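*Asks:* Right, I'll just put the structure down here and ask away after.
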Amino acid sequence: MRQISAENQTALNQRQLVARDFLWIIARNRTTGLPEAVGFWSDVEDATLLVLDPDTLLPVYRNYRAAGGLIEINEIPAVSVIQVQDIEIKMSQLDELVQQAVRLYDVKQAKVEIHRGLFDPDTRNLVAPALVRFVGVVNNLRITTAAENSDGGVYISCVSHTQELTRANPSTRSNEDQKLRSFTDIFFQDTAVVGEWELDWGAVNGKQKAQTEQKKGLFGWGNFLGFL
C-alpha cells in the first residue's frame, strides 16, 4: 500500500488539492561522461520544488522547467504485485532544454523519476514533498519531425527498475568463477575432475556406480511363494 504524509491525507479528505507531475531525467554528458540532470513539470512557470528522493526517501529541492517541454505522461497504474511497467513520455522538440536533454546528452539507459505533487489551490504551495510514482530507465527514444499540419514530438519509452529482478545470474559452478569472489576460495577447484576419482569403499575398489534398481519381494526373493 502506498504511504502518504499526514498533510496529504488531510488535504485529500477535504478534496482541496491540485495535482502536478514532475519528470526528472539523469542523462550522460557526451563530452565529459558525467551525469547531467534535467527536470520538467506540468505547470506554467519554472520552479524549485521539494520532492522525495527515491533512493533515500528524504526530501530534496530540484529545479523544474515549466510545462512547455513536458506534454504528456501515460497513466502509471498503482499495483500490489512486483511487475515490470512500461510508460511513454511525450515532450516538445521545440523546447531548448528538451533538445539539450535528448540531443546534447546521451539518454540511453538514463535514469528516470516521476513524482506527483499535490498543491493547495489557495496558496499554490506544495502540501508536502512530492511523492514518487515511477522509477526506471529510458528504454527507447523516438524523435519525430512534423510535416505541415501534423504533430511531432519527442517520445521517451521507459521501463521500471523492477526489470532488474528479471536478470539471470551469470555465475557458474566453476573454480574460476568462485575465485572472482575471493582468490582464496578453492571450494570448486576439483569440480571438473571429481567425477573420475577412484575410491576404495569396502570390498569394492574403483569408481562406484549408483544402485538404480531395488530388489522386490520379501527379503529380496521376488515373488517367491506368492509373497510380494
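*Asks:* For Cα pairs less than 8 Å apart in space and 6+ apart in sequence, what is the mean separation divided by the residue count of the stretch 6-166, i.e. the relative contact order in percent? Before the final figure, lay out the partial values.
*Replies:* Numbers: 345 pairs, mean separation 41.6, N = 161.
About 26 percent, as a whole number.
*Asks:* For the stretch 85-154, which GluC sites (Glu not before Pro) are in a loop by DSSP, counting at most 15 other Cβ atoms within 10 Å?
*Replies:* Working: sites: Glu88, Glu96, Glu113, Glu148; in loops: Glu148.
Counting only loop positions with at most 15 other Cβ atoms within 10 Å, the GluC sites (Glu not before Pro) in the stretch 85-154 are Glu148.
*Asks:* Oh, and also: Springs between alpha-carbon atoms under 10 Å, Gaussian network over the chain: tell me which of Ala192, Ala37, Ala27 tops the mean-square fluctuations.
*Replies:* Of Ala192, Ala37, Ala27, the Gaussian network model singles out Ala192 as fluctuating most.
*Asks:* Mind grabbing the base-10 log of I(q)/I(0) for the chain at q = 0.10, 0.13, 0.15 Å⁻¹? Debye formula, identical points on the C-alpha positions, no solvent, two decimal places.
*Replies:* Debye intensities relative to I(0), on a log10 scale: -0.64, -0.89, -1.08.
*Asks:* Could you order peptides 43-56, 166-179, 122-135 by the average number of other Cβ atoms within 10 Å of their residues, highest first?
*Replies:* Working: 43-56: 14.6, 166-179: 10.2, 122-135: 16.6.
The most tightly packed comes first, giving 122-135, 43-56, 166-179.
*Asks:* Still on this structure, I have one more. Would you work out the charge dipole size for the chain about its Cα centre, treating the Cβ of every Lys and Arg as +1 and the Cβ of every Asp and Glu as -1, and quote it to the nearest 20 debye?
*Replies:* 640
Laboratory data are not the source of any read-out in this text; all were calculated from the coordinates shown. Only a predicted model underlies this, so the values are computations on that prediction, with no experimental measurement involved. Positions of Cβ are generated from backbone atoms using ideal geometry, with glycine treated the same way; all protein chains shown enter the neighbour counts.
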